[in-house]
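The values are calculated or read from the model by the stated rules, or taken from the named source; none is laboratory data. Worth saying up front: this structure is predicted, and the values here are computed from it rather than measured. All Cβ positions, glycine included, derive from the backbone under ideal geometry; neighbour counts span all protein chains shown.
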Amino acid sequence: MSSKPVILVTGADLAPQALALLEDHEVVYTGKTPTQADIVAMARAHNPVGIIVRYSGVNAETMNAAPALRVISKHGSGTDTIDKTAAAERGIAVTAAVGANAAAVAEQALALLLACAKSVVQLNQRMHDGHWDKATHKGLELGGRTVGLVGLGAIGLRFAKMADAMGMRVIGFDPFAKNLPEHVTAVDLDTLWREADAISLHCPLTPENKGLINAQTLARCKPGVIVVNTARGGLIDEPALLAAVLSGQVRMAGLDSFCIEPMSHPHIFHGQPGFILSPHIGGVTSDAYVNMGLAAVKNTLAVLAATGVTTARGATPSAARV
């Protein structure tokens, strides 16, 4: 059994470039798509000093199972699957690989927006079925139209730059954003709902914004608005969105995240032509895989160095919990 401090990864692998930085640690993997019970059991068995979160999350029970734990590092930007209150109570740092997958997710959001506006998926299927719809199809031109972004962090601003390059007017809401570029106009949510021809979500999920897209907010939008979500599924009231698509209030919805993941089957969106769906893979590219792995490991090591954790597995770290 190794005497090195353990890093537990809630997944089956890390990028080789990231793994190389952990040569002084024992790296233990939970395997693909672990359950909370799996993670608790692994934490109890290995007492890690750090957990790198790829899939599932980390709750208070996991933290209690690992007395040596000092840092929980997200392999990505969203930390909503980590109990941050419980971590703070135990003096455990929570970090995120902010911006590491910005390009990948922003490109996915743009792909979904274009697919919705240009009927890419539907026309592809019609062509394969032997149809030629040139005389009857009318697409939507995005140039000159307004896109409203909820969240203006690294991903939102990357998407904003691409939308601006396409000739779109970009408005956005983010109470924490500062020094926005000239091509982004800050607005309140009421203005965003009222003026946007397309809405793209790029914010973290919090108790305050859960169900942000709901029957009331959708009713305040322009008829025929496009909704894109590459952030978190909980930002959208899914039955309300389905009703809005069926009524025509929402022209199309392009979604990469869902309230329950993996997406339940059957699901209310299945078989609905007004939805373009992808399995939360916006940040899953070969480049983002490396970037997120490196950022997650560097964040982990920085916290461990700051807290003086150089002890072997099972030893008590020098930093006291708050």
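Side notes on the structure shown:
- One residue from Thr217, Thr185 being among the hydroxyl-bearing types (Ser, Thr, Tyr), at negative phi and more than 23 Å from the chain's Cα centre (by Cα): Thr185
- Residue within segment 105-121 that is of a type outside the set (S, T, N, Q), crowded, with 18+ Cβ neighbours inside 10 Å, more than 20 Å from Ala253 (Cβ to Cβ) and in contact with a helix residue (DSSP H, G or I) (Cβ under 9 Å, 6 or more places away or on another chain) present: no
- Filtered by the rule that a residue be buried (at least 16 other Cβ atoms within 10 Å of the Cβ) and acidic (Asp, Glu), segment 8-37 gives a lone residue, Glu26.
- First in segment 256-273 and farther than 12 Å from Pro239 by Cα, second anywhere and of a type in the set (Lys, Arg) and in a loop (DSSP other than H, G, I, E, B), Cβ under 7 Å, 6 or more apart: Ser257/Arg232
- Taking the listed residues Ala198, Ala165, the one that is surrounded by fewer than 21 Cβ atoms within 10 Å (Cβ to Cβ) and not charged (D, E, K, R) is Ala165, with no other qualifying.
- Residue check for Val184: within 30 Å of Leu123 (Cβ to Cβ) and crowded, with 20+ Cβ neighbours inside 10 Å: no
- Residues being surrounded by 16 or more Cβ atoms within 10 Å (Cβ to Cβ), more than 22 Å from the chain's Cα centre (by Cα) and of a type in the set (Lys, Arg) are represented in segment 250-258 by at least one member.
- Residue check for Met252: in the same structural domain as Gly156 (by TED's automatic domain parsing), at pLDDT below 95 and touching a strand residue (DSSP E or B) at 6+ places or on another chain (Cβ under 8 Å): no
- Residue count for segment 151-162 satisfying the condition of being crowded, with 23+ Cβ neighbours inside 10 Å, farther than 16 Å from Leu112 by Cα and small (Gly, Ala, Ser): 0.
- Residue identified as small (Gly, Ala, Ser), in the same structural domain as Glu141 (by TED's automatic domain parsing) and at pLDDT 95 or above among Ala12, Ala45, Ala109, Ala93: Ala109
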